[in-house]
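Structure, as structure tokens:
Please treat every number below as a calculation from the coordinates, not as lab data. This structure is a prediction, so every number in the text was calculated from the model and none was measured. Methodologically, a virtual Cβ is constructed for each residue, glycine included, from the backbone with ideal geometry; neighbour enumeration extends over all protein chains shown.
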Amino acid sequence: MYKPLNLIDAQELLLTPLNDPGFIVEDLIPGGVNVLAGDEKSGKSWMMLHMAICIATGQDFLGHPVKQGKVLYLSLEDTYVRLQRRLFNLTNEVGYGRLLLGIQSGTLDDGLVEQLEVLLEKEPDINVIIIDTLQLIRGNGKEVSYANDYADVMILKDFGRKHKLSVFVVHHTRKQGDAHNIFNRLNGTKGLNGAVDTMLLLDRENEYSNRGTLHIKGRDIQPLEVSMEFNDCKWELVNIRTQEEITAANTPEVMHKLVDFIRERRFWRGSATELLEELGDQSVGANVITKYVNQYKSSLLLDEGIVYKYSRTHAEGRILSFELCDSCDGGDSNDDRAD
């Protein structure tokens with residue numbers, strides 16, 4: 001039996017006041033269903049328990065205010081003895097009833113949701129649930145597939161939406177890296193990436209270092225890189241880089257030279273070889289600078305008000321042109337081919 005579509009008129013939606021889930025940690029970690037992934041022994045569980053304590057007590061986490069509330073922490077790889085030792089290192093007092101701890105639960109296919117429903121009848125003011133780890137609530141023998149990964153997260157998302165609370169799951173990363181997208185290191189398929197609201201990846205320099213980076217990417221927040229140090233069993237904030245700062249740090253130096261050059265000249269036209277001569281930069285070849293220009297034409301160059309066009313003729317060969325035009329919309333680069 002099919003269910004009718006549940007629709008809302010756009011004008012009605014514009015005028016209807018809705019509750020925004022907001023942030024768990026102000027300007028850093030949004031509400032919703034989030035995943036924190038990292039290598040084994042990277043400090044994920046220390047981070048999550050510390051965050052849980054901060055939310056329960058209203059203390060800042062990583063230098064940012066939290067939305068204070070009651071927390072359920074299911075630490076399914078631990079014992080109460082180990083949790084107690086961690087609490088000894090992290091805090092002197094939490095407050096009765098503010099942070100509830102468990103070390104056993106059902107799985108998504110066998111009782112977990114029902115257990116949480118019963119708990120919320122007794123503890124209706126829980127607003128954050130942390131599950132450490134995701135693998136232990138997924139059961140055994142389930143085929144690894146995009147559909148299964150997505151469906152598992154959606155169970156948690158539907159539960160969170162129903163009860164207007166946030167769910168955090170801790171997950172592992174695969175050993176092989178991805179030079180293009182660090183979030184592709186999450187163990188499993190991209191179904192996890194597609195379903196969660198925010199992905200956080202804890203990248204520790206090595207097992208002997210106290211330095212690490214928390215990479216954050218989500219639907220309700222611009223990408224961030226949070227540099228941290230692990231001191232006295234706590235991750236502490238060192239620095240935060242925004243998307244603009246991340247992009248600038250990863251942009252080839254020759255592109256910064258090109259931006260300065262065009263901002264001074266306002267217009268330039270010529271071959272890639274001539275451009276490198278004008279820039280006084282021989283660190284890359286003509287083909288590479290052309291690739292860089294194509295790569296950054298709709299981001300760095302357009303952000304700087306620089307319009308790039310490409311053409312090829314029998315007489316002149318491949319020609320690059322740049323114009324500083326504050327009122328231009330950038331458009332798409334032309335690829336004119338004269339006979």
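Residue exposure proxy: 46, 235, ordered by other Cβ atoms within 10 angstrom of their Cβ from fewest to most, comes out as 46, 235. With each label modelled as a point 7 angstrom along the Cα→C-beta vector, the residue 288-residue 325 pair spans 3.1 nm. On the basis of the beta-carbon distance and an R0 of 30 Å, residue 251 and residue 41 show a calculated FRET efficiency of 0.35.
For 326, 109, what ranking results if the residue with the fewest other Cβ atoms within 10 Å of its Cβ goes first?
Details: 326 5, 109 13.
In order of increasing Cβ crowding within 10 Å: 326, 109.
Near the amide H of residue 130, within less than 5 Å, lie the amide hydrogens of 72, 73, 74, 168, all on another chain or at least 5 residues away, with H placed in the peptide plane. Shape summary of the range 72-173, radius of gyration then Dmax from alpha carbon positions: 14.4, 44 Å.
With r defined as the distance between the Cβ atoms of residue 222 and residue 80 and R0 fixed at 30 Å, what FRET efficiency is calculated, to the nearest 0.05?
Values: r = 39 Å, r/R0 = 1.31.
My answer for the efficiency is 0.15.
Partner lysines whose Cα lies under 22 Å from the Cα of residue 70, excluding those fewer than 8 positions away in the same chain, are identified as 44, 122, 157, 162, 164, 234. Amide hydrogen proximity for residue 304: with H placed 1.01 Å from N in the peptide plane, no residue at 5 or more positions away or on another chain lies under 5 Å.
For the range 242-261 versus the range 45-117, the inter-centroid distance based on Cα atoms is 41 Å. Listed by chain and number, the aspartates and glutamates placed with their C-alpha closer than 15 angstrom to that of residue 291 are 253, 335; residues fewer than eight positions away on the same chain are left out. Dipole magnitude for the chain: about 700 debye, using +1 per Lys or Arg Cβ and -1 per Asp or Glu Cβ, origin at the Cα centre. Shown is the FRET efficiency for residue 299 and residue 184, computed with R0 = 25 Å from the Cβ-Cβ distance and rounded to the nearest 0.05: 0.75.
Just checking the listed ones, 61, 267, 88: in the Gaussian network model of the chain with Cα springs under 10 Å, the one fluctuating most is 267.
Scale the Cα Rg of the chain by the rule-of-thumb value 2.2 N^0.38 Å and send over the ratio, two decimals.
Working: Rg = 25.3 Å, N = 339, 2.2 N^0.38 = 20.1 Å.
Taking N as the residue count of the chain, the ratio is 1.25.
How far, in nm, would the chain grow between residue 92 and residue 6 when pulled straight, counting 0.36 nm per residue and subtracting the alpha carbon separation? Please report the intermediate quantities before stating the final value.
Numbers: separation 86, 0.36 × 86 = 30.96 nm, distance 4.88 nm.
Gain on extension, residue 92 to residue 6, equals 26.1 nm.
Kirkwood radius for the range 1-101, taken over all pairs of different Cα atoms as the inverse mean of 1/r, rounds to 16.3 Å.
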